[in-house]
1. Pairs needed: first member in region 193-211, closer than 11 Å to residue 254 by Cα and more than 16 Å from the ligand (Cβ to nearest atom); second member anywhere, in a helix (DSSP H, G or I) and modelled with pLDDT of 95 or more; C-beta distance under 7 Å; at least 6 residues apart or different chains.
2. When you scan region 215-231, do you find a residue that is on the phi < 0 side of the Ramachandran plot, part of a helix (DSSP H, G or I), free of Cβ contacts under 8 Å to residues at least 60 places away in the same chain and in contact with a strand residue (DSSP E or B) (Cβ under 9 Å, 6 or more places away or on another chain), even just one?
3. Being within 7 Å of the ligand (Cβ to nearest atom) and either over 23 Å from residue 231 (Cα atoms) or surrounded by fewer than 20 Cβ atoms within 10 Å (Cβ to Cβ) (or both) is the filter here, so list the residues in region 65-93 that pass it.
4. Check 176, 148, 139 and return the single one that is surrounded by fewer than 21 Cβ atoms within 10 Å (Cβ to Cβ) and modelled with pLDDT under 95.
5. Considering region 113-135 alone, what residues qualify as being touching a strand residue (DSSP E or B) at 6+ places or on another chain (Cβ under 7 Å) and more than 9 Å from the ligand (Cβ to nearest atom)?
6. Of the numbered conditions (1) near the ligand (Cβ under 9 Å from one of its atoms); (2) over 18 Å from the mean Cα position of the chain (by Cα), residue 16 fails exactly one; give the number of that condition.
7. Got a sec? Which of 121, 108 is surrounded by fewer than 24 Cβ atoms within 10 Å (Cβ to Cβ) and assigned by TED's automatic domain parsing to the domain that holds residue 88?
8. Filter region 19-50 down to the residues that are assigned to a loop (DSSP other than H, G, I, E, B) and within 15 Å of the ligand (Cβ to nearest atom), then identify the one that is farthest from residue 323 (Cα to Cα).
Ligand code: NAD
């Protein structure tokens, strides 16, 4: 029997990168293709331990390039498509929404067309809880799969648009799809523009840590490996056409997260600097993952252990993030937080 071919889009980024490593190691009988355009958020140095493995392959391509994508699918005849590639940073979507529509909406539609043309076994669309909008601070309320989509940022609107296209390709053409909607991830190889790696990298350099508004916005944190295991399960066991929420009930205010990191690193809370709030900043996200738990998933990390291990990882892998924050990133950071 020939090996199953799994296309992972965005496999040079944070979650896609962790997923590629998880799959290459767990499934020697699958051929894992990492397709990535290598934007500012993608880098291949993270894959040095797997790049020579027989079941790992890399393709540099833009998911929004129809001709290239269609001919790649015709050549490789993928069995599974696990779709992570996206513009993923809310702040960047506020300053430049156009590329979010191009990559997240058009790119997804092209992948759906290509998947339909070759008749894939499964298309898993990796989405976000942000498509549901925001919750208030009542701790008994959660996003379920039936919560209406009410995205508030250009990023979440582009993800919600792609979710609807994925749904429509199932309803209209019978494409075997799943949509996963996960809460905020943390863990190794997280790009240092996002809250947790931003805080770790700045605290380690004794630099001020910008915190939006009063820091009371709540996010629901999940270790990236628990997210990878969820996608593995959905890809193999998910009921076609279904949406699965992914989350581990780890709600923390942004300020709590920043203080935990500062305390763990033995630094002073004077490093915290409150800055002008993000436009349209969602108050709270919190996931009800019951449906996925009923499919057989449960998270393995609690936040305290996971964050301690993540901080240690950033201490052990300074080279990786220092190379990122030394380039264009500095310009981005100064522009983003100059307007306090
Ligand atoms: P990331 O920004 O770290 O990585 C995105 C990857 O996609 C990069 O490697 C980039 O080079 C690639 N890419 C971007 N545009 C591309 C294009 N046009 N063609 C091919 N490749 C392209 O993102 P992430 O945080 O790993 O998120 C991955 C996915 O998971 C996204 O779809 C995001 O919406 C979703 N998600 C993220 C989180 C989170 O907490 N980070 C939570 C839930 C869902």
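1. From residues that are closer than 11 Å to residue 254 by Cα and more than 16 Å from the ligand (Cβ to nearest atom), the pairs are 211/254; 211/255; 211/258.
2. Here is the first cut: in region 215-231, the residues on the phi < 0 side of the Ramachandran plot are 216-231.
Next cut, part of a helix (DSSP H, G or I) only: 224-231.
So of that shortlist, the ones also free of Cβ contacts under 8 Å to residues at least 60 places away in the same chain come out as none.
Among the residues of region 215-231, not one is on the phi < 0 side of the Ramachandran plot, part of a helix (DSSP H, G or I), free of Cβ contacts under 8 Å to residues at least 60 places away in the same chain and in contact with a strand residue (DSSP E or B) (Cβ under 9 Å, 6 or more places away or on another chain), which makes the answer no.
3. Listed by number, the list holds a single entry, 89.
4. On the way: 176 fails: modelled with pLDDT under 95; 148 fails: modelled with pLDDT under 95.
Of the residues listed, the single one that is surrounded by fewer than 21 Cβ atoms within 10 Å (Cβ to Cβ) and modelled with pLDDT under 95 is 139.
5. Taking region 113-135 as the starting set, the residues that turn out to be touching a strand residue (DSSP E or B) at 6+ places or on another chain (Cβ under 7 Å) are 115, 120-129, 131-132, 134-135.
Those that are touching a strand residue (DSSP E or B) at 6+ places or on another chain (Cβ under 7 Å) and more than 9 Å from the ligand (Cβ to nearest atom): 115, 120, 121, 122, 123, 124, 131, 132, 134, 135.
6. Exception for residue 16: condition (2).
7. Details: 108 fails: surrounded by fewer than 24 Cβ atoms within 10 Å (Cβ to Cβ).
Answer to the check: 121.
8. Taking region 19-50 first, the residues assigned to a loop (DSSP other than H, G, I, E, B) are 27-29, 37-44, 48-50.
Next cut, within 15 Å of the ligand (Cβ to nearest atom) only: 37-44.
Working: 37: 19, 38: 15, 39: 15, 40: 12, 41: 13, 42: 13, 43: 11, 44: 13 Å.
It comes out as 37.
The values are calculated or read from the model by the stated rules, or taken from the named source; none is laboratory data. Small disclaimer: the values here were computed from a predicted structure and weren't measured. FYI the Cβ positions are ideal-geometry reconstructions off the backbone, even for glycines, and counts take in every protein chain you see.
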